[in-house]
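Data first, discussion second: the structure below is written as structure tokens.
The values are calculated or read from the model by the stated rules, or taken from the named source; none is laboratory data. Here the structure is a predicted model, which is why all the values come from computation and not from measurement. So basically every Cβ, Gly included, is an ideal-geometry build from the backbone, and we count neighbours across all protein chains shown. Side chains are part of the model used for accessible areas, which takes the heavy atoms of the whole protein and leaves out ligands, DNA and RNA. Shrake-Rupley method; radii C 1.70, N 1.55, O 1.52, S 1.80 Å.
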Amino acid sequence: MIAVLKQKKIAALAILFALAFPLLIPNNYYLHMMTLSFIWMIAVYGLNLLAGYTGYLSLAHAGFFAIGAYTLAILTVKAGLNFWLAFFLSCVISSFIGFLVGLVALRTKEHFFAIYTLCVGYIIYLVIDKWDNLTGGVRGFIGIPSPANIGPISFQTPVSQYYLVLFFLLLVVFVMYRIVYSLTGRTYIAIRNSEELALTIGISTMKDKLVSFVLSIFFTSLAGALYASFIRFLGPDIGYISVMFDLLIFLLVGGIGTMSGPVVGTLLMTSISQQLQFLQDYRMLIFGPILTLLVIFYPRGVVGGVIHWKTKRTENNRDSRVGKISSHSSNEKQVKEG
Amino acid sequence: MEFFIQQLLNGLTVGSVYSLVALGLTLVYGILHIPNFAHGALYMMGGYVTLTMMSKSGLPYWLAIVISMIVIGTLGVLLERLVFYPLRDAPPLHDKIAAIGILLFLEAFAQFVWGADYQTMPTPYGKVVNLFGLTLTAQRLLIITSTIAIMVLLYFFLKKTFIGATIIAMSQNREGANLVGININKVAMMTFMISGSLAALAASLASPINLVFPGMGHLVILKAFVIIILGGMGSVPGAIIGGYILGFSESLGATYISNDYKDIIAFVILVIILTIKPTGLFVRRGQS
């Protein structure tokens with residue numbers, strides 16, 4: 001119980017800090033970096049729902065990020081739709097594409113699923129790259145409008161954009177929290193732990209996997225649409241495999257299948273990337289081995305490591321007090337944490 | 001008609017390279033049941049090592065290829081020891097992610113050492129040969145013949161030698177192989193050695209036609225995955241047949257459909273296959 005209170009306190013502190021950030025550090029560059037990393041966090045949450053909680057490693061999410069971004073661009077610039085309508089539609093359209101892909105992709109399992117989605121991601125990238133008339137091809141897509149006003153609130157300044165993105169991030173975190181700690185979330189975890197077992201206890205795995213897949217893509221394309229309106233320029237590279245790997249690294253460093261993992265991982269990795277800017281393209285010389293070593297030694301990332309350390313400590317404390325009865329409550333906790 | 005046969009020959013060349021890469025991938029999958037996403041990076045490194053051996057040390061083409069095969073084979077063994085062996089009991093998700101980490105590292109490494117430019121590899125077989133009224137460069141002939149030679153060698157190695165038999169045994173049943181006294185660590189290392197060498201050979205043969213650059217492994221590895229799904233994960237003949245099927249469909253597709261979208265053909269084939277049969281074609285019984 002105390003641990004839960006403590007978690008809530010930490011979350012509240014983090015939210016307060018995020019709200020006060022533009023006042024504390026009135027620097028446009030840092031503000032820009034923070035906004036961008038919030039956008040990545042949303043995408044990573046999307047990936048986390050599928051890969052972390054449902055246990056299906058999708059390598060097509062960068063593609064869906066790009067679909068969300070390009071749909072917004074096309075709907076606002078070429079079709080001249082109202083921004084927020086286009087924003088909503090771009091999420092719906094990419095989720096629908098995700099639904100169609102998921103219908104087929106989710107029939108495959110494990111390796112086949114990873115390879116299948118890798119190929120789907122590559123097809124999306126190639127189509128964006130080659131379909132000159134619609135997407136601008138390699139030249140990119142310019143002139144995407146920034147978010148339209150909602151009543152008296154305008155989103156032209158960096159600070160207002162920061163708060164807009166923060167709003168969406170908090171919304172996504174809240175929805176994720178509600179999903180993960182509901183029966184639905186438990187169902188996903190059951191599927192992750194053993195799909196056969198889940199089937200035998202009466203879970204309609206295909207339906208649940210599909211919902212998880214589509215939700216995950218909805219979040220990711222939401223991040224894509226925000227990205228398009230924030231950066232206001234798109235190149236086909238945002239759908240490329242390297243973006244996918246970035247998302248994966250963020251997720252893994254933070255902790256796959258944990259609630260706060262995406263925030264921790266994204267912040268940590270983007271700030272490290274900032275420090276290592278002189279390395280430019282060579283940053284993967286460091287990130288690649290980090291990824292591999294993490295998976296070998298800390299498969300649950302930073303957050304997972306901390307949780308593991310805490311459960312161990314409380315277990316030791318209790319052991320010294322009550323004896324060995326409690327060892328199974330720590331197992332229970334691990335299950336709870338995912 | 002001649003034009004058509006010319007395209008078939010092109011397909012045969014491309015298919016040979018694909019088959020070699022897919023063979024390495026399928027062998028590793030058969031033994032360890034991991035999709036080695038880093039295999040494309042090994043392919044790329046193979047191309048660079050051969051190129052460096054030729055340009056810096058002035059070695060002849062063939063010797064450079066042999067050295068490159070040994071170097072990349074050793075690299076494969078190192079990967080098995082340092083990364084995949086510690087992860088042998090981890091959930092399947094972890095192998096994949098670790099392999100992706102290696103892939104990212106090797107690519108950045110190649111870019112760091114050799115630069116991001118596209119480089120051409122010289123070949124002593126640049127001459128144009130006339131064969132039954134068809135024109136093709138000697139390099140393409142070399143690719144086709146040496147691939148077939150290697151496949152025959154590999155076949156005899158797997159079927160007729162003791163070490164080959166242990167590899168097959170382990171791919172059939174890991175525990176069973178261990179029970180009858182096969183040293184599974186040795187076999188795993190051996191398989192990675194062969195797999196790396198095949199990738200290096202494929203890259204060295206294909207590079208004079210294509211180019212050498214850090215991203216050269218991307219498309220090849222994706223297509224190799226398509227091939228082993230087509231031919232059955234872990235199946236050796238499947239990888240060979242699948243490679244040629246893909247080579248032919250690509251070269252014909254590029255001619256008769258669209259050159260721009262020829263790279264998509266492989267993925268469309270894959271999507272269709274997995275849509276119809278989620279576990280891939282030709283899956284061996286008892287192994288999915």
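General observations
- Look at the alpha carbon pairs under 8 Å that are at least 6 residues apart: their mean separation over the length of chain A gives a relative contact order of 28 percent.
- Helix-only CD estimate at 222 nm, as mean residue ellipticity for chain B, using -39500 (n - 2.57) per DSSP H run (n ≥ 4): -24000 deg cm²/dmol
- Accessible area of the protein assembly as shown divided out per residue, in Å², using a probe of 1.4 angstrom: 44
- Peptide-level mean, for B:263-274, of C-beta atoms on other protein chains within 10 Å: 4
- With 23 Å as the limit, the listed pairs B:LYS160/B:LYS277; A:LYS9/A:LYS209; B:LYS159/B:LYS186 have B:LYS160/B:LYS277; A:LYS9/A:LYS209 beyond it between alpha carbons.
- Inter-chain Cβ neighbour count for A:102-111, averaged per residue, equals 5 (cutoff 10 Å, partner chain atoms only).
- The charge dipole of the range B:82-235, taken about its Cα centre with unit charges on the Cβ atoms of Lys, Arg (+1), Asp and Glu (-1) only, comes to about 420 debye.
- Among the residues of the range A:239-269, those with an accessible-area drop of 30 Å² or more from chain alone to full protein complex, heavy atoms and 1.4 Å probe, are A:TYR240, A:PHE245.
- By a 1.4 Å probe calculation restricted to protein chains, A:TRP309 has an accessible surface near 140 Å², given to the nearest 10.
- Leading residue at positive end of dipole, the protein assembly as shown (Cβ point charges), from A:MET259, A:VAL120, B:ALA99: A:MET259
- If you sort B:MET121, A:MET259 by accessible surface, 1.4 Å probe, largest first, the order is A:MET259, B:MET121.
- Ranked by the mean number of other Cβ atoms within 10 Å of their residues, highest first, the peptides A:297-303, B:49-55, A:57-63 fall in the order A:57-63, B:49-55, A:297-303.
- For the range A:157-174, the Karplus equation 6.51 cos²θ - 1.76 cosθ + 1.60, evaluated at θ = phi - 60°, returns couplings of 8, x, 5, 5, 5, 4, 5, 4, 5, 4, 4, 5, 4, 4, 4, 5, 4, 4 Hz by residue, with Gly and Pro reported as x.
- A convex hull fitted to the Cα coordinates of the range A:216-320 yields 129 cubic angstrom per residue.
- Eligible aspartates and glutamates near A:LYS130 by straight Cα distance, threshold 16 Å, same-chain separation 8 or greater: A:ASP237, B:ASP260, B:ASP263
- Tilt relative to chain B, helix B:184-206 - C-alpha long axis, 0 to 90 degrees, to 10: 10
- For the range B:13-216, the fraction of 1.4 Å probe accessible surface lying on carbon and sulfur atoms is 68 percent.
- Mean residue ellipticity (222 nm) of chain A, computed from DSSP H runs ≥ 4 via -39,500 (n - 2.57), nearest 500: -24500 deg cm²/dmol
- For the range B:160-246, radius of gyration divided by Kirkwood radius, i.e. Rg to Rh on alpha-carbons: 1.05
- The residues B:TYR118, A:TYR177, sorted by heavy-atom accessible surface at 1.4 Å with ligands and nucleic acids left out, run B:TYR118, A:TYR177 from largest to smallest.
- Folded to 0 to 90 degrees: helix A:261-275 orientation relative to chain A principal axis, Cα: 60
- The amide H of B:VAL129, built 1.01 Å from its N in the peptide plane, has B:LEU136, B:THR137, B:ALA138 as neighbours under 5 Å, considering only residues 5 or more places off or on other chains.
- Accessible area, probe 1.4 Å, largest first, for residues B:MET44, A:MET33, B:MET189: B:MET189, A:MET33, B:MET44
- Once the Cα atoms are used to define both axes, helix A:183-193 deviates from the longest principal axis of chain A by about 80 degrees.
- For the protein assembly as shown, the spherically averaged projection of the C-alpha convex hull amounts to 32.0 nm².
- Cα convex hull of the range A:1-87, projected area averaged across orientations, nm²: 8.8
- Accessible carbon and sulfur surface of chain A relative to its total accessible area, %, 1.4 Å: 68
- Test item: A:123-130 mean partner chain Cβ contacts at 10 Å: 3
- The distance separating the Cα centre of the range A:8-79 from that of the range A:91-109 comes to 21 Å.
- Under 15 Å, Cβ to Cβ, from B:ALA177 - net charge with Lys/Arg +1 and Asp/Glu -1: +2
- Accessible surface buried by the A/B pair amounts to about 3800 Å², both sides summed, 1.4 Å probe.
- Our summary gives chain B a relative contact order of 37 percent, counting only alpha carbon pairs under 8 angstrom and 6 or more residues apart.
- Space enclosed by the convex hull of the alpha-carbon atoms of chain A, per residue, Å³: 155
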